[in-house]
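The values are calculated or read from the model by the stated rules, or taken from the named source; none is laboratory data. The shown structure was predicted, so the numbers you read here are calculated from the model rather than taken from an experiment. Because the Cβ atoms are built from the backbone with ideal geometry, glycine has one as well, and the counts that use them run over all protein chains shown. Surface accessibility is based on the protein's heavy atoms, side chains included, excluding ligands, DNA and RNA. Shrake-Rupley method; radii C 1.70, N 1.55, O 1.52, S 1.80 Å.
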Amino acid sequence: MISLETIGEAHDRIRPYVHHTAVMTNKTINERIGADLFFKCENFQKIGAFKARGGLNAVLQVVGNGEGTAVTTHSSGNHAQAVAFAARQVGIPAYIVMPRTAPQVKKEAVLGYGAEVIECEPTLEAREAGVLEVIKRTGAVLVHPFDNDRVIAGQATATKELIEDFGQDKPFATILAPVGGGGLLSGTALAAHYLSPTTRIIAGEPEGAADAILSFLSGRVEKAPYIKTIADGLMTSLSERTLAIIRTHVSEILTVSDPEISAAMRLVWERMKIVIEPSSAVPLAAVIKHKEQFAGQKVGIILTGGNVDLGKLPF
């Protein structure tokens, strides 16, 4: 189990390289929901997403412990950028396997950080096969997007900041995060478990990639019935590691449709005047859909990133 000490050490390790991101509120959205929402703006983070935290925590330890001289991973975009960015900070090569359908803006960002991009078909099997080939060719160390305790501990630091900055006088009733592979959700749940044990953790998941809710209910890693969603960062299934943490520390998973995700995304763009990507809008979409469940509550929401292809906005 990842301890509070482990999360604290991760925070200290990555602090010189990441932003302590802002927390924003919006009166119009609060009135619409009937709750007090606090948005942790990881869209303002280095590389434009929370994934910088986990990627850095892992890569800094690979190098610091002498475990390797190159790193690799597979990702649809934000973790790819995180590993590429972290590798550049420590001066080692990064080899990133990305599905050919990943947003062009994310591919270009990875290349911009000096990493090599290897494209593959948009399936988990193709991603994993691509990484195995890279490891065979280069000897690079795998920094898995979510099935990695170092990555999870790094992601936990976003919620650690949220609770320490805005959850001391009055604890959050609920904190929400989106779920794909479960790295962020696991870190969010663990940070809250240690620092705000009365806070409920709820995940938002797209209906078009609804594996986590099935896994949550069955107790084993399940595949989504189908994959079709604008939330491209949430198409991955859970691992045994993340499922175990989520089933222990997460209260509920709520699913939302693509039109609901698009509407929530547009609401943030129009009312908060900030850029978020579709995956980032999923928790707010869940709150809007089930607003009676959150009425009168103090609610934290992790806005996970803002790396959206401006030529393909869903609204």
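Values for this structure:
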| quantity | calculated |
| --- | --- |
| Peptides ranked, highest mean first, by Cβ atoms within 10 Å: ranges 124-133, 272-281 | 272-281, 124-133 |
| Alpha-carbon centroids, the stretch 112-171 and the stretch 210-286: separation in whole Å | 17 Å |
| Under 16 Å from the Thr28 label point (7 Å along Cα→beta-carbon), backbone N, the stretch 284-314 | none |
| Karplus 3J(HN,Hα) series, Hz, for the stretch 102-112 with 6.51 cos²θ - 1.76 cosθ + 1.60 (x for Gly, Pro) | 4, x, 4, 4, 6, 4, 5, 5, 4, 4, x |
| Accessible surface of the stretch 1-135 [probe 1.4 Å, protein heavy atoms]: carbon and sulfur percent | 50 percent |
| Set of lysines near Lys312 by C-alpha distance (under 19 Å), chain-local residues within fewer than 8 positions excluded | Lys106, Lys107, Lys228, Lys273 |
| Computed magnitude of the charge dipole of the stretch 118-193 (debye, nearest 20; Cβ of K, R +1, Cβ of D, E -1) | 120 debye |
| Cβ crowding within 10 Å averaged over residues, with 148-155, 304-311 ranked highest first | 148-155, 304-311 |
| Environment charge at His11 (Cβ cut-off 14 Å; Lys +1, Arg +1, Asp -1, Glu -1) | -1 |
| For the stretch 61-149: accessible area per residue (Å², 1.4 Å) | 42 Å² |
| Protection proxy ranking, peptides 90-99, 68-77, average beta carbon neighbours within 10 Å, highest first | 68-77, 90-99 |
| Computed magnitude of the charge dipole of the chain (debye, nearest 20; Cβ of K, R +1, Cβ of D, E -1) | 400 debye |
| The stretch 1-39 residues near the modelled Lys170 label - backbone nitrogen below 20 Å, point 7 Å along Cα→Cβ | 23-39 |
| Residues with amide H under 5 Å from that of Phe38, placed H, sequence gap 5 or more | Val299, Gly300, Ile301 |
| Neighbourhood net charge (13 Å Cβ-Cβ; Lys/Arg +1, Asp/Glu -1) for Arg247 | -1 |
| Histogram of C-alpha separations across the chain, 10 Å bin width, % | 7, 30, 38, 21, 4, 0 |
| Candidates per trypsin sites (Lys or Arg not before Pro) in the stretch 81-117, loop by DSSP, up to 13 other Cβ within 10 Å | Arg100 |
| Environment charge at Arg220 (Cβ cut-off 14 Å; Lys +1, Arg +1, Asp -1, Glu -1) | 0 |
| Distance (nanometres) between label positions extended 7 Å along Cα→Cβ at Ala295 and Glu119 | 5.1 nm |
| Carbon plus sulfur fraction of accessible area for the stretch 214-271, probe 1.4 Å, in percent | 51 percent |
| Accessible area (Å², per residue) of the stretch 158-315, counting only protein heavy atoms and a probe of 1.4 Å | 38 Å² |
| Candidates Asp12, Asp36, Asp169: whichever shows maximal mean-square fluctuation once the chain is modelled as a Gaussian network with Cα springs under 10 Å | Asp169 |
